[in-house]
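Each value in this text was obtained by applying a stated rule to the coordinates, not by laboratory testing. For clarity, every value in this text was computed on a predicted model and none was experimentally measured. Note that we place each Cβ from the backbone using ideal geometry, even for glycine, and neighbour counts take in every protein chain shown.
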Amino acid sequence: MSFSNEFLWGVATSAFQYEGAYLEDGKGWTVADERCKKKNKIQADSSVASDGYHHLEEDVSLMKELGIKSYRFSISWARLYPDGDGKLNEKGIEYYQKLLVLLNDNHIEPIVTLLHFDIPWKLIEKYEGFVSRKCIDAFERYCRTCFKLFGNRVKYWLTINEQNVMAMMHDMLGLNKEDPKLSEKLVQCNYNMYLASAKAIIACHEMCPQALIGPCVSYPTLYAETCHPDDVALAYDMQDMMAFAPMETYVYGIISPLVMNKWRKENTVPQMFKEDEQILKSGTADYLGVNWYCTQTVGISNSKSGFNIGVELDIKKNPYLEYGHWDWSYDPKALKMALKECYARFKKPIMICENGWSELETVEDGKVHDQKRIDYLHDHIKQMQNAIDEGVDLIGYQHWSFIDILSSSQGFDKRYGLVFVDRDNFNIKNCQRIKKDSFYYYQSVIKNNGLGEINEER
Ligand code: BGP
C-alpha cells in the first residue's frame, strides 16, 4: 500500500511567523508578538516576519506551482478580534477571505489552525489569559465566528497548536516566571485549553457538520540515554505526560487518571466543574494532528538543566545520530515508529501537521542548494510510506514550512522553507522569494504521489 489519491501533500505556516503586518489593518497585539519582541533583540520579531501579508497572491501562485494539495495556516485571533473578545475587525475578515478564495481558485485544500501560540494580549491583561474561564468563552466565540465566516470553504480545522508545549512555557501563556503561583496557573491554563479545544470541536460539529477537526500535538519521540531502568522509566514517563496523555484527552475526552494523580501529588489540581466532564466527552477529535521533527534522548543526571517536569534530567546527544545546527536530531526511522505508536494507541486518522529541517542558508548565483532538506524529505516520506504499508491511516503531510518563516524562538536565520525569503535577523531587505532546490524536489514527489521512481534512483 502507498499514498492514496486523496493524500494531502501540503505545506504549513503560522500567522505570527509568516504574516508580519503585526499592527496593520487593526490587528491587536498578541502573546507571540510580545514574546518575539522580548526574545529577539534583533530585527527578527513578528513585525515583518516573511511579509506574507503583503505577498499573498505571489505566495499562493508559488504554492500552485509547487503542486500542493493542501495548505496549513493559522488565523490570527487578534486580527479578527483585536481585543480577543470585543469588536470584530472587518479588515481581518477580508484578509482571510481573500486567502481562502485564492486557495479555492487554485484547488488547494485549506487546513486551518485556530490558535497557534498567539493569544490576544488584551485577554492576558483582562483575565490572565487561559488562567480564567472567561478566556475559554472568548475562544469559543472566536471559533464560532470562524466557522460561520469561513466554514463554507474549510473542511479541515485544527484547534490549538501544541497545547502540550504551551503548557510548559510560561511566556507562551503570557504568565510571569516569578509568579509564586506559576505551577498552579500552568496547570489551570492547560486544563482550560482542553475545555476550549473541546468547545471548539463541539461548535464545529454543530455548525460545519461536513468538516473534520482535531488538535495538533507536539510529539518528539523520546529515547532513554541508557538501558538503566531509571533512564528508561524517565523517557517513558516524559513521553506519556508530554504526548500521550494530551492525545488521550483529545481522543477519549477524559483527563488521564495518571495526570490527575500527578496534579494531586503536586497540589496543582485545577478548578474543575461537574459539567466539564460532558464537555470533554462531547468534544473529541475526528483526527490527530501531529508535529514530528526528531527524537530526543533523555537521562537522569545531577545537573538541573532540561525540562521542568519535577525531576532533574538532561537532554543528551545520541551518539548514533547526526545533529543539525540547532541540535535537532536527524532520525527518520523513528517517524515510522511514532506513527505506528500513535495509531495503535488512538486508532484515529493521523495528519502530520509539521515536519521539516532547519538550516543556515545563503543564496548562491540566485539559487539555494539545500540538499540536506531534500534528504530529510526523502527519508521521512519513505518512512511515512512504510507506516502506511504497515497499516497506519495517514491522511496528509504538511511540510514545515512552505517558506522561510520566523522561528518560534530563534529568529529568522533558522530557515525551514522550501522557498527562501531574502531577509535575515538584522536586515529586512525586500523579502524577495527564491525557490530552493527542495522546492523542485517536493514538487516531483507530489507529482509522483510519493517517492515512486525517485525512490528507486537513490
Ligand atoms: C513547532 C511550532 C512551530 C515551529 C516549529 C519549529 O513547535 O508549532 O511554530 O516554530 O516547532 O520550531 P522552532 O521555530 O523553534 O525552530
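To the nearest 20 debye, what charge dipole does the chain have about its Cα centre, counting +1 at the Cβ of each Lys and Arg and -1 at the Cβ of each Asp and Glu?
Computed charge dipole of the chain: roughly 900 debye.
How do S329, S4 line up, fewest other C-beta atoms within 10 Å first?
S4, S329
In terms of the Cα gyration tensor, with a ≥ b ≥ c the square roots of its eigenvalues, is region 141-254 rounded because a/c is under 1.5, prolate because a/b exceeds b/c, or oblate?
oblate
Could I have the simple spin-label model distance between K64 and D393, label points 7 Å from Cα toward Cβ, reported in nm to one decimal?
3.4 nm
With r as the distance between the Cβ atoms of E24 and D286 and R0 = 30 Å, compute the FRET efficiency 1/(1 + (r/R0)^6) and round to 0.05.
FRET efficiency, D286 to E24: 0.30.
Take each of the peptides 438-447, 161-170, average the number of other beta-carbon atoms within 10 Å over its residues, and list them starting from the highest.
Result, highest mean first: 161-170, 438-447.
Towards the positive end of the charge dipole of the chain, with charges on Cβ (+1 Lys, Arg; -1 Asp, Glu), say which of I300, V363, L102 has the farthest Cα.
L102
Taking neighbour counts of Cβ atoms within 10 Å as a proxy for exposure, in what order, fewest first, do W400, W121 appear?
Listed from fewest to most nearby Cβ atoms, that is W121, W400.
Going by how many other beta carbons lie within 10 Å of each one, how would you line up I136, I254, I213, fewest first?
By the 10 Å Cβ count, ascending: I254, I136, I213.
Assuming a viscosity of 1.002 mPa s and a temperature of 20 °C, what translational diffusion coefficient in µm² per second does Stokes-Einstein assign to region 1-138, Rh being the Kirkwood radius over Cα pairs?
Rounded to a whole number, D works out at 135 µm²/s.
Please compare each pair in K87/K122; K414/K436; K126/K185; K185/K316; K340/K447 to a cut-off of 19 Å on the Cα-Cα distance and tell me which ones are over it.
Where the Cα-Cα span goes over 19 Å, the pairs concerned are K185/K316; K340/K447.
Ignoring everything except DSSP H segments at least 4 long, calculate the 222 nm mean residue ellipticity for the chain; use -39,500 (n - 2.57) per segment, divide by total residues, nearest 500.
-12500 deg cm²/dmol
How high is the FRET efficiency between D365 and K274 when r is their beta carbon distance and R₀ equals 56 Å, given to the nearest 0.05?
The pair D365/K274 has a calculated efficiency of 0.25.
Which Cα, out of P209, Q239, M172, lies furthest along the positive dipole direction of region 168-254 (beta carbon charges, K/R +1, D/E -1)?
P209
Out of all DSSP beta bridges in the chain, what portion is antiparallel? Express it as a percent rounded to 5.
Of all bridge pairs located within the chain, approximately 25 percent are antiparallel.
Multiplying the sequence separation of S4 and I315 by 0.36 nm and subtracting their Cα-Cα distance, what value in nm do you get?
Full extension from S4 to I315 adds 108.2 nm.
How long is the gain from N448 to I93 if the chain were fully straight, where each residue apart is worth 0.36 nm and the alpha carbon distance is subtracted?
124.2 nm
Using 0.36 nm per residue, how much length does the chain from F426 to K333 gain when fully extended, once their Cα-Cα distance is taken away?
Contour length minus Cα-Cα distance gives 29.8 nm.
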